[in-house]
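What follows is a short report on a single structure.
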Amino acid sequence: CGANTFSAADTGAACQDFQLCPEGQGSGFSDDFSSENVSDYEDLFGTWSGGTFGGVSGGVLTKVKGSETGSYSRVLNDHQMRDGAVTAKLKRSSSTVKPGLFLRHDSVGGGKYLVFFTSTKISFNKKPNGGSYTFVAGYNTAFASNTDYVISFSATDNGGSVDLSASVDGVEVLTWTDTTDVLGAGQIGLYCGGPSGNCIYDDFTVSGDGG
């Protein structure tokens, strides 16, 4: 249990005194970033908290990006998911940074499915284990800077393939089916790419089968 972590069964028991499990809620996780819960996460490819790197303040999590063009990821510890959804409120301070979410991250091979947005598009990328990010699908629509967007990213396994879906503010805008070298159950997390700006996150939730 961590920041508002739901129990594995809907027993109504308190989750480390954070909240009671909602009726009908299965395994999952939520974090409103009202406080820094470093132990719930692992930072990959760069630090997310402390000093000039960013962290939790004012009820949001911020990842500060300098001039570097590489991407940063923060994975949720101790939670594997095959089928389910990850949702968060995402915002960016400039047109150059790319906030996003990922699922089915392989902690050994590095593979994952990723959704992120730019000024003009929301995109799916796939990173196979041992490989590089590849664009697989996109939807053209405008995303303004300094504006909150609720992004939900889900995966549904079909035995040999996986259906991905993304919604913006509750409206499904992008789908894609992977049928080749499909990634299995893996970790969930937050992504920030591009240079010179801040990726800002709030109301991060995960619901799924636990892998």
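The values are calculated or read from the model by the stated rules, or taken from the named source; none is laboratory data. All values derive from a computational prediction rather than experimental measurement. Every residue, glycine as well, gets a Cβ built from its backbone with ideal geometry; the counts of neighbours run over all protein chains shown. Surface accessibility is based on the protein's heavy atoms, side chains included, excluding ligands, DNA and RNA. Shrake-Rupley method; radii C 1.70, N 1.55, O 1.52, S 1.80 Å.
Straight distance only, please: which lysines reach the Cα of K89 with their own Cα at less than 20 Å, same-chain residues fewer than 8 apart left out?
K63, K65, K98, K121
Under 10 Å, Cα contacts only: if you run a Gaussian network model on the chain, which one of D178, D78, D43 comes out with the highest mean-square fluctuation?
D78
Using a Gaussian network model of the chain whose springs link C-alpha atoms within less than 10 Å, name the residue from A144, A88, A166 with the highest mean-square fluctuation.
It is A144.
Taking a cut-off of 15 Å between Cα atoms, list the aspartates and glutamates near K127, but don't count ones fewer than 8 places away on the same chain.
K127 reaches D106, D178, D181.
Please sort 131-142, 193-204 by packing, taking for each peptide the average over its residues of neighbouring beta carbons within 10 angstrom, highest first.
With the highest mean Cβ count within 10 Å placed first, the list reads 193-204, 131-142.
How far is the Cα center of the stretch 141-196 from the Cα center of the stretch 78-101, in Å?
8
Quick check: at a probe of 1.4 Å, how many percent of the accessible area of the stretch 24-125 sits on carbon and sulfur atoms? Present the calculation step by step, with values, prior to reporting the outcome.
Working: 1890 of 3860 Å².
Carbon and sulfur together cover 49 percent of it.
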